[in-house]
Amino acid sequence: MKILAIYGSPRREGNSAQMIDAALNAFPPKAEIHRIYLAEMKFSACGACRECKIAGECVVEDDMQAIYKEMLWAEIILVGSPTQFSDVSADIKKMMERTWWMKGELKNKIGGYVVSGRRYMESTINTLQAFMLRHKMILGGNGALGYTFTEMGTLEHDPLALNDARNTGLRLIELYELLHRP
Ligand SMILES: Cc1cc2nc3c(=O)[nH]c(=O)nc-3n(C[C@H](O)[C@H](O)[C@H](O)COP(=O)(O)O)c2cc1C
């Protein structure tokens, strides 16, 4: 079981990171887990050069190349994002744009997400779901949300957050086992 966890917040140990970690804790020890902290990667938004149309892959030489490799390696992709201005973080948006060339490459990989924020989280959820469905991924998880209640607050006032995040992990495992049943 190969899992790629993509941390989309500028805060390495922030709320969405805690939720990703709670989801990952559900996986058995034999699971291989790779982690990417987008805020620590150097990459641009899609420049619309359309070179990928000719080359069949993205030709921009930045840290997205390493992220592509990890995405292709993974069987399960788990994305965590804070809600920033009513949507995913800018790093997640940049990453999603840069996967435009990957049409078909992520097909049938299992995808899950966790989201944190105070309110206006609907678009964040929609964006992550649309990303996974556009890639024909199998959308899993249980839609874990972490409410901070105050601006840049913690998850401590939302007792369901980490539990829901763990259930996201459990649901991804369940789907994986279903798909890999002998
Ligand atoms: C630039 C910025 C914009 C934000 N916009 C929203 C927002 O529109 N809605 C919301 O609920 N929270 C918003 N927040 C708060 C974060 O979503 C919230 O504190 C989240 O839990 C942070 O997660 P993190 O610790 O993983 O970064 C914003 C935070 C920042 C830094």
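The values are calculated or read from the model by the stated rules, or taken from the named source; none is laboratory data. In this text the structure is predicted, and so the values were computed from the model without any measurement. Cβ: placed from backbone, ideal geometry, glycine included. Neighbour counts: every protein chain shown.
Miscellaneous remarks
- Among residues of the stretch 114-140, those that are closer than 17 Å to Gly8 by Cα and either within 10 Å of the ligand (Cβ to nearest atom) or not β-branched (Val, Ile, Thr) (or both), counted: 15
- When Asp62, Asp87, Asp91 are checked against the criterion of being within 28 Å of Ile173 (Cα to Cα), modelled with pLDDT of 95 or more and assigned to a loop (DSSP other than H, G, I, E, B), a single residue qualifies: Asp87.
- Looking only at residues of the stretch 71-97 that are crowded, with 17+ Cβ neighbours inside 10 Å and away from the ligand (no atom under 16 Å from the Cβ), we find that the one that is nearest to Phe43 (Cα to Cα) is Met96.
- Scanning the stretch 84-106 turns up no residue that is closer than 21 Å to Arg166 by Cβ, in contact (Cβ under 8 Å) with a residue 40 or more places away in the chain and hydroxyl-bearing (Ser, Thr, Tyr).
- For the stretch 9-28, a residue qualifies if it is basic (Lys, Arg) and without any contact (Cβ under 8 Å) to a residue 60 or more places away in the chain, and exactly one does: Arg12.
- Any hit, the stretch 33-47, residues being of a type in the set (Phe, Trp, Tyr), within 16 Å of the ligand (Cβ to nearest atom) and in a loop (DSSP other than H, G, I, E, B): no
- Any hit, the stretch 153-163, residues being modelled with pLDDT of 95 or more, under 17 Å from the mean Cα position of the chain (by Cα) and within 16 Å of the ligand (Cβ to nearest atom): yes
- Those residues of the stretch 164-182 which are of a type in the set (Asp, Glu) and more than 16 Å from the ligand (Cβ to nearest atom), in sequence order: Glu174, Glu177
- Of the criteria (1) in contact with a Leu (Cβ under 8 Å, 6 or more places away or on another chain); (2) more than 20 Å from Tyr7 (Cβ to Cβ); (3) not in a loop (DSSP other than H, G, I, E, B), which one Glu105 fails: (3)
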